[in-house]
Amino acid sequence: MTRILIIQGHPDASERHFGHALTEAYAEGARAAVHASRELAVAQLDFPILRSAQDWEHGEVPAGLKAAQADIAWCEHLVLAFPLWLGDMPALTKGFLEQVARPGFAFQREANNPFGRKGLTGRSARVIVTMGMPALLYRWYYRAHSVKNLERNILHFVGISPVHETLVGMAGNVVPPAAARWLARMRRLGMQAA
C-alpha cells in the first residue's frame with residue numbers, strides 16, 4: 001500500500017475539465033488497489049500570492065495551506081495535474097507550489113551547501129499536463145520546457161524522485177475513444193501508484 005496525494009492544479013473551479021476526469025480516474029485506480037489516497041484541489045484553496053523573497057523565506061505558511069503541507073509530508077507518491085497555459089502551469093498552481101515549498105519544509109538551508117538539504121526525499125511523483133496542442137509538438141518542438149523546469153528546479157530540488165510525466169494533447173477536443181483510453185491508462189497508473 002502506497003500513500004498517494006493527488007493535487008488537481010486546474011484553477012477553474014466553476015466547471016469540470018478533462019484534467020479533472022484524469023485525476024478522478026487515477027484516484028479510482030488507487031482506491032481499487034487499496035492504496036491510501038488523498039485529493040486536493042488548488043482552485044478550492046484560499047491563499048495569497050507571495051510578493052517578496054523575505055515573505056517566502058521568513059513568512060508564515062497561510063492557514064489555508066498548512067493541511068496541504070501536512071498532506072505532502074504524509075504522501076509517498078505525489079500526483080500533480082494541471083493544464084498548460086501560455087506554455088507553463090497556471091499562475092495559481094505556481095503560487096501554490098511557491099507557498100508550500102518553503103525553506104524549513106521542502107528543504108533545509110545549510111551553511112556549507114548552497115543547495116541545502118532536500119526535505120521531501122523518499123517520494124516519487126507523476127506530473128499530468130493537459131494542453132490544447134498535440135503533445136508531440138510540445139515535447140519535441142518546445143522540448144517540454146516548463147515540465148522539465150518543474151521536474152528539475154522544483155521537484156528534484158526538494159528531493160522528489162523519480163518523476164514521471166503524462167502529457168495529454170488536444171485535451172479540449174478529445175474524442176470519446178481517445179478519452180476512454182486516457183482514463184483507462186490513468187486507472188492503471190493509479191493502481192500501480194506510478
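The values are calculated or read from the model by the stated rules, or taken from the named source; none is laboratory data. All values derive from a computational prediction rather than experimental measurement. Positions of Cβ are backbone-derived with ideal geometry, glycine not excepted, and every protein chain shown enters the neighbour counts.
When residues in the stretch 1-39 are screened for being assigned to a strand (DSSP E or B), of a type in the set (A, V, I, L, M) and surrounded by fewer than 18 Cβ atoms within 10 Å (Cβ to Cβ), 1 of them pass. For the stretch 155-164, filtering for residues that are touching a Leu at 6+ places or on another chain (Cβ under 6 Å) and surrounded by fewer than 19 Cβ atoms within 10 Å (Cβ to Cβ) leaves 1. If the condition is being over 30 Å from Met191 (Cα atoms) and at pLDDT below 95, then the stretch 14-48 contributes only Asp46. Against the test of being charged (D, E, K, R) and within 30 Å of Arg109 (Cα to Cα), the options Asp46, Asp12 yield a single qualifying residue, Asp46. The C-beta contact set for the stretch 46-62 (first residue on the phi < 0 side of the Ramachandran plot, second residue outside any loop (DSSP other than H, G, I, E, B), distance under 6 angstrom, 6+ apart or interchain) comprises Asp46/Gly64; Phe47/Gly64; Phe47/Leu65; Phe47/Gln99; Ile49/Gly95; Leu50/Trp56; Leu50/Glu98; Glu57/Pro103. The number of residues in the stretch 68-83 being part of a strand (DSSP E or B) and out of contact with any strand residue (DSSP E or B) (no Cβ under 7 Å at 6 or more places or on another chain) comes to 0. Quick test of your reading of the structure: Asn113 fulfils all but one of (1) in contact with a Leu (Cβ under 9 Å, 6 or more places away or on another chain); (2) surrounded by fewer than 18 Cβ atoms within 10 Å (Cβ to Cβ). Name the failing condition by number. Going through (1) in contact with a Leu (Cβ under 9 Å, 6 or more places away or on another chain); (2) surrounded by fewer than 18 Cβ atoms within 10 Å (Cβ to Cβ) one by one, Asn113 breaks only (1). If I filter the stretch 48-57 for residues that are more than 16 Å from the chain's Cα centre (by Cα), in a strand (DSSP E or B) and either surrounded by 12 or more Cβ atoms within 10 Å (Cβ to Cβ) or among the aliphatic types (A, V, I, L, M) (or both), do I get at least one hit? No, the stretch 48-57 contains no residue that is more than 16 Å from the chain's Cα centre (by Cα), in a strand (DSSP E or B) and either surrounded by 12 or more Cβ atoms within 10 Å (Cβ to Cβ) or among the aliphatic types (A, V, I, L, M) (or both). For the stretch 107-162, filtered to residues that are of a type in the set (Phe, Trp, Tyr) and in contact (Cβ under 8 Å) with a residue 40 or more places away in the chain, the residue that is farthest from Glu76 (Cα to Cα) is Tyr142.
Checked against (1) surrounded by 14 or more Cβ atoms within 10 Å (Cβ to Cβ); (2) more than 17 Å from Leu5 (Cα to Cα), Phe105 passes all but condition (2). Out of curiosity, is Glu15 of a type outside the set (A, V, I, L, M), within 13 Å of the chain's Cα centre (by Cα) and within 28 Å of Ala171 (Cβ to Cβ)? Spelling it out, it is not the case that Glu15 is of a type outside the set (A, V, I, L, M), within 13 Å of the chain's Cα centre (by Cα) and within 28 Å of Ala171 (Cβ to Cβ).
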